[in-house]
Amino acid sequence: RMLEWKVIRPIARQLGGDSRSLLSGPGMELHGLREYQPGEDVRRIDWNITARMGQPFLRESLVERALDAWLVIDVSASIDWGTALCLKRDRIIEFVAATSQLLGRHGNRVGALLFAERPLRTVPPARGRSHVLGLIGSVDTVPIVRKSGRTDLAGALAYLEGQLHRRSLIFIVSDFLAPLGWEPVVRRLAHRHEIVAVDLYDPREGVIPDVGLVTFEDPETGKQIVVDTADARLRDRFRWAAMEQREHLCKTLAGCGIDLLELTTAEEMLPALVRFLRMRRHQMAMRAQELGRSQGRSEPPVTDDRRKAIP
């Protein structure tokens, strides 16, 4: 009920419309009009526009498709960390609730793969309110085993690759504090599937405050180190190392053609998600226009008669 009021209802108020395919084909949503070419299906001719323009025009629609969406969720020990408004785990739960609600509104199925040092649990794609509640419960109740080993993002993605039998939408929800080596698997998946990376981070992961002598412990390996945070040079090195790590992540994902959604424990999830979805819609509209131009499809000239005919 808390998620219903905090996440799902505000999303319904702020976001409208549906995601649309980039492919033209049979559908109910008008995409545009173009001149009829000999040999094309005459059933797609818009006779009202044809009568007004004096030559045949085809009505193009967007294909309506259901898809399988997979949430690859990091539940390693590092997600139980937070120094601002909440823990990373709380952000994950909110994201799972929002994403499942948005994708499931029109028949899309949502599944999940939970992983840490290895793949832990697979939830097959399904739809419905009870399924969404089950997904949320899986993330909320999965036990966190500390000192169990480094997060194996590469192994989780390779495992998912073997489970996918159709083109899917994949959300990689992680703080990406994992050993390198996952990049080749991501590139292979990106060739066939659409991927969105959801990066979870906390402000203290980019800067160390001056609090004197502190013992830090890696919750995944148990390794400890004593640090004098009063050393300004050490704080500067840490800050630059964190910046380089994030730049490497952004460059790697961009090179694979993967969009990045950044969620922080210091900001509410909803504003960041709304900004990201609006940016995605703008990008998809631009890609659709470029696709139409590359295929040599031109719309009829805009006239007063056409403005009356097309709402």
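The values are calculated or read from the model by the stated rules, or taken from the named source; none is laboratory data. Quantities reported herein were computed from a predicted structural model and do not represent experimental measurements. Note: areas computed on protein heavy atoms with side chains; ligands, DNA, RNA excluded. Shrake-Rupley method; radii C 1.70, N 1.55, O 1.52, S 1.80 Å.
Here the Karplus relation 6.51 cos²θ - 1.76 cosθ + 1.60, evaluated at θ = phi - 60°, turns the backbone of the stretch 172-182 into coupling constants of 9, 9, 7, 8, 6, 8, 9, x, 5, x, 8 Hz, with x for every Gly and Pro. For the residues R52, R167, R43, a 1.4 Å probe over the protein chains yields an accessible-area ranking, largest first, of R43, R167, R52.
Just so you know, the Cα atoms of the stretch 71-117 work out to an Rg and Dmax of 12.4, 38 Å.
Across the stretch 138-240, the relative contact order, built from alpha-carbon pairs under 8 Å that are at least six residues apart, equals 28 percent. Taking amide H as placed 1.01 Å from N in the peptide plane, E220 has its amide H under 5 Å from the amide H of K147, each at least 5 places away in sequence or on another chain.
Counting only protein heavy atoms and using a 1.4 Å probe, what share of the accessible area of the stretch 39-118 belongs to carbon plus sulfur, as a whole percent? Reported share for carbon and sulfur atoms: 49 percent. Per-residue SASA remark: F95, around 0 Å² accessible (1.4 Å probe; ligands, DNA and RNA not included).
Protein heavy-atom surface of the stretch 130-194, 1.4 angstrom probe: 53% of the accessible area is carbon and sulfur, with nucleic acids and ligands not counted. If both residues of a DSSP beta bridge must be in the stretch 53-167, then about 40% of such bridges are antiparallel.
Compared with the rule-of-thumb size 2.2 N^0.38 Å for a compact globular protein, the stretch 204-247 has a Cα radius of gyration ratio of 1.18. Here's how it looks for R34: its modeled amide H is under 5 Å from those of L58, E60, which are all 5 or more places away or on a different chain.
Taking 0.36 nm per residue of separation and subtracting the Cα-Cα distance, full extension of the segment from A190 to V145 would add 13.1 nm. The heavy atoms of W81 offer some 110 square angstrom of accessible surface to a 1.4 angstrom probe.
Remark on W70: its backbone amide H falls under 5 Å from those of G111, L169, I170, F171, a criterion applied only to residues 5 or more positions apart or on other chains, H modelled at 1.01 Å from N. Taking 0.36 nm per residue of separation and subtracting the current Cα-Cα distance, fully stretching the chain between Q283 and A230 would add 14.5 nm. Compute, for E220, the solvent-accessible surface of its heavy atoms (probe 1.4 Å) with the complete set of protein chains present, and express it in square angstrom to the nearest 10. For E220, solvent-accessible area is about 10 Å².
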